[in-house]
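Only one structure is covered here, and it is reproduced in the block below.
Coordinate-derived values only; no laboratory data. The shown structure was predicted, so the numbers you read here are calculated from the model rather than taken from an experiment. Cβ: placed from backbone, ideal geometry, glycine included. Neighbour counts: every protein chain shown.
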Amino acid sequence: MPATHIRRWKTLALTTSAVLVGLTMPAVTATPASATTTAYDSTYYKNAVGKTGTSLKSSLHTIISSQTKISYSAVWNALKVTDQDPNNSSNVILLYSGVSRAKTLNGGDVGDWNREHTWAKSHGDFGEVTGPGTDLHHLRPADVTVNSIRGNKDFDEGGSTVSGGGGSLTDSDSFEPRDADKGDVARMILYMAVRYEGDDGFADLEPNELVNNGSNPYMGKLSVLKQWNDEDPPSAFEENRNQVIYDTYQHNRNPFIDHPEWVEAIW
C-alpha cells in the first residue's frame, strides 16, 4: 500500500482566507502544492528534506540513482503489475486514453497496448537500453495507435483531438495528455531529469521551454509541466504505482509523487 500522505493545498488556504476577510479571490488555474509529509522523510529522503534548488536536485539524484535495473523484455510483465486496473485484475489502465485493457493484449498490433516512453527515447538517444530505456518510472502501457500519434513529441497544450485518446490533443510538434494524466506525465518527465544527470554513461536529461527538441536530451515545456503538476495532484493509482516499483522492482521512488511541491523547489 502507498505511504500515507498529509496534503495541504494552498488553494484551500487562499479560499478560506478570502472568506474570512470578505474578499473575492481572482480565479486561478493552478497553485503550487504545499508541503507534504511522507513516511519516507526520516529514512529514504532524510538527506533531501529541507533543501531547495540545485542542492535538492543533487541530493535527490544521489538517492534515486540507487536502483535495481530490469531488462526491456521484463518491462512487459512489470507493467502488468504496476498499472493493473484496481477494479479488474486481468486488465491494465492505459496512459493517455484511460482505457482498461486486457493484460494479454500486449504487443504491436492495432488494438494492443505497448510500452510508452513518456521521456521519448530519441530525446537523448538512449533507445531501449537497460537504464533510461527500461526505467519503470517513465514507462507506461499505452494504446498502440495513441502511442504512435504521440511519437516523440514534446508536451505542450493545444491541438486537435486524438482519436481514442480520452481527450488528449496533438499538433505537429506537441502532445497534450487528457487532464487525468497531466500530472502523471509531468512527474515522470521531471523524475527522469533528476535521475539521469550524465554521470552514468547516459545523456544529461533536462526539461526546457521548447518543442521540437528532436534528438537533443531535452523535453518541453517546463512551464507547462509545472502547471500540470499543480493542476493534477498525485492520485491513489499513481501513488500505488510508485510503491510497487519501489517494493518489487527498482527499489527507488519518484520523489515528485511523494513531494509534488519539490517541482517548484527545484525549477
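Overview of values
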| item | result |
| --- | --- |
| Environment charge of Phe202, counting only residues whose C-beta is closer than 12 Å and scoring Lys/Arg +1, Asp/Glu -1 | -3 |
| 15 Å reach of a label modelled at Asp200, 7 Å along Cα-to-Cβ, counting backbone N of the stretch 230-267 | 246, 249-255 |
| Residues listed by number, the stretch 161-200, amide nitrogen under 19 Å from Ser58 label point at 7 Å toward C-beta | 193-200 |
| P(r) tail fraction, the stretch 153-232 - alpha-carbon pairs more than 16 Å apart, % | 51 |
| Charged-residue dipole, Cβ positions (Lys, Arg, Asp, Glu), the stretch 133-267 about Cα centre, Debye nearest 20 | 360 |
| Total charge dipole magnitude, the stretch 123-198, about the Cα centre, Cβ charges on Lys, Arg, Asp, Glu only, Debye to nearest 20 | 220 |
| Stretchable slack from Ala39 to Asn77, in nm (0.36 nm times residue separation minus alpha-carbon distance) | 10.9 nm |
| Cα-based Kirkwood hydrodynamic radius, the stretch 35-140, one decimal, Å | 16.0 |
| Computed lengthening from Ser235 to Leu105, 0.36 nm per intervening residue step minus Cα-Cα distance | 44.3 nm |
| Phi-based couplings in Hz for the stretch 42-51 (Karplus 6.51, -1.76, 1.60; Gly and Pro marked x) | 8, 10, 4, 9, 4, 8, 10, 4, x, 9 |
| For the chain, size of Cβ-based charge dipole, Lys and Arg +1, Asp and Glu -1, in debye | 620 |
| Hz values of 3J(HN,Hα) by residue in the stretch 214-220 - Karplus curve (6.51, -1.76, 1.60), Gly and Pro given as x | x, 8, 5, x, 10, 9, x |
| Lys/Arg +1, Asp/Glu -1 at C-beta; the chain dipole; positive extreme among Ala120, Ala186, Thr82 | Thr82 |
| Sorted peptide list for 103-109, 253-259, criterion being average Cβ within 10 angstrom, highest first | 253-259, 103-109 |
| Over 28 Å between alpha carbons, listed pairs Lys103/Lys221; Lys46/Lys153; Lys80/Lys153; Lys57/Lys80; Lys121/Lys226; Lys57/Lys182 | Lys103/Lys221; Lys46/Lys153; Lys57/Lys80 |
| Förster-model FRET efficiency, 51 Å R0, Glu157 and Ser90, C-beta, rounded to 0.05 | 0.90 |
| Percent breakdown of C-alpha pair distances by 10 Å bin, ordered from the shortest bin, for the stretch 104-221 | 14, 48, 32, 6 |
| Semi-axis lengths (Å, descending) of the ellipsoid that matches the C-alpha gyration tensor of the stretch 154-198 | 23, 12, 7 |
| Calculated FRET efficiency for the pair His251/Asn212, C-beta based, R₀ 30 Å, to 0.05 | 0.25 |
